[in-house]
Amino acid sequence: MIKKCLFPAAGYGTRFLPATKSMPKEMLPVVDTPLIQYGVQEALDAGLTQISMVTGRGKRALEDHFDISYELENEICNTDKEKALDGIRRLIDECSFSYTRQTHMKGLGHAILSGRPLIGDAPFAVVLADDLCLNPGGDGVLTQMVQLYNQFRCSIVAIQEVPAGETGKYGIVAGECMREGLLRVDRMVEKPRPEDAPSNLAIIGRYILTPDIFDLIAATPPGAGGEIQITDALMKQASRGCVLAYRFKGQRFDCGSAQGYVEATNFCFENFYKPAQAARLSQGLEQPLKVASVA
């Protein structure tokens with residue numbers, strides 16, 4: 001059974017400067033909820049209650065968010081504002097949180113390796129919080145992937161099709177089709193040029209990894225961009241056994257980019273915020289508000 005989920009969260013968020021100059025990109029709010037909270041909620045929904053985060057300098061807001069704020073809670077106690085904390089209170093109550101720091105930014109592979117003391121010798125999920133994945137009315141992406149892991153017991157990466165001209169932004173996979181939406185990986189390339197890409201199937205920020213990946217990462221030299229790439233370690237793993245690529249059900253938003261962030265905000269406002277507000281109005285819990293839609 002998988003119970004652990006690792007959040008690499010030490011990056012500088014340079015694609016979203018100047019907003020991320022003093023605020024972690026993982027704390028950027030989509031409507032009224034920070035990205036990191038969406039990710040932890042997805043993990044909890046999949047049964048992953050042991051949450052580990054690899055952070056860095058200037059990231060204390062992540063730890064503070066998943067802690068009790070006695071002054072705030074005392075201030076809003078017994079008011080209608082208290083209801084807004086129900087979601088984060090549930091995460092604090094039902095999950096455990098542990099943290100370590102990545103002192104040098106050497107790539108995603110190195111960030112995952114930095115979490116080894118928190119994970120130990122156990123299979124685990126990895127979530128990149130700025131990839132917001134939503135599947136209203138259905139299972140979350142991690143829930144789907146945990147179900148696959150319970151069947152195949154090997155590493156799994158979530159993938160989606162991307163335009164051929166964008167392969168240079170992602171790890172790209174190809175392999176043997178096992179069934180609809182599921183590949184056995186035999187090729188994996190980090191940020192290839194379109195003419196060198198084996199397909200247009202890109203890895204997005206959801207992984208399930210078996211613990212042997214740590215030794216493989218430790219033996220992996222720097223790759224694309226001079227960084228230690230998780231895709232290089234996974235390709236070693238695939239050559240020795242089995243790595244699956246899964247075309248998940250749902251929608252993914254790249255919230256590290258301005259366009260993806262605005263699209264996610266619009267989607268969440270229409271699908272979550274407005275229906276919740278309508279429900280509160282019907283129960284007489286608040287007065288109508290005029291809220292401008294996000295353009």
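When restricted to residues that are part of a loop (DSSP other than H, G, I, E, B) and either modelled with pLDDT under 95 or more than 26 Å from ALA264 (Cβ to Cβ) (or both), the stretch 116-128 contains 4.
Go through the residues of the stretch 70-86 one by one and say whether even a single one is under 29 Å from GLU263 (Cα atoms), of a type outside the set (D, E, K, R) and under 21 Å from the mean Cα position of the chain (by Cα). No, because not a single residue in the stretch 70-86 is under 29 Å from GLU263 (Cα atoms), of a type outside the set (D, E, K, R) and under 21 Å from the mean Cα position of the chain (by Cα).
Filtering the stretch 37-74 to residues that are at positive phi and either surrounded by 20 or more Cβ atoms within 10 Å (Cβ to Cβ) or among the basic types (Lys, Arg) (or both) leaves nothing.
Let's see how each residue does on (1) closer than 30 Å to LEU182 by Cβ; (2) at pLDDT 95 or above:
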position: LYS236; (1), (2): yes, no
position: ARG240; (1), (2): yes, no
position: ARG252; (1), (2): yes, yes
position: GLY256; (1), (2): yes, no
position: TYR273; (1), (2): no, no
position: ALA276; (1), (2): no, no
position: LEU285; (1), (2): no, no
position: LEU289; (1), (2): no, no
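Against the criterion of being crowded, with 18+ Cβ neighbours inside 10 Å and small (Gly, Ala, Ser), GLY241 does not qualify.
Listed by first and then second residue, the pairs with beta-carbon distance under 7 Å, at least 6 apart or on different chains, first residue in the stretch 80-98 and closer than 23 Å to LEU118 by Cβ and touching a residue at least 40 places away in the same chain (Cβ under 8 Å), second of a type in the set (Ser, Thr, Tyr) and not in a loop (DSSP other than H, G, I, E, B), are SER98/SER52.
The single condition from (1) touching a residue at least 40 places away in the same chain (Cβ under 8 Å); (2) touching a strand residue (DSSP E or B) at 6+ places or on another chain (Cβ under 9 Å) that LYS169 fails is (1). Do we have any residue at all in the stretch 209-216 that's part of a strand (DSSP E or B), in contact (Cβ under 8 Å) with a residue 24 or more places away in the chain and closer than 25 Å to TYR12 by Cβ? Scanning the stretch 209-216 turns up at least one residue that is part of a strand (DSSP E or B), in contact (Cβ under 8 Å) with a residue 24 or more places away in the chain and closer than 25 Å to TYR12 by Cβ.
Does PRO123 satisfy the criteria of being under 17 Å from the mean Cα position of the chain (by Cα), within 29 Å of GLY223 (Cα to Cα) and surrounded by fewer than 22 Cβ atoms within 10 Å (Cβ to Cβ)? So PRO123 passes the test.
The values are calculated or read from the model by the stated rules, or taken from the named source; none is laboratory data. No experiment lies behind these values; they were computed from the predicted model shown. Every residue, glycine among them, receives a Cβ derived from its backbone with ideal geometry; neighbour counts consider all protein chains shown.
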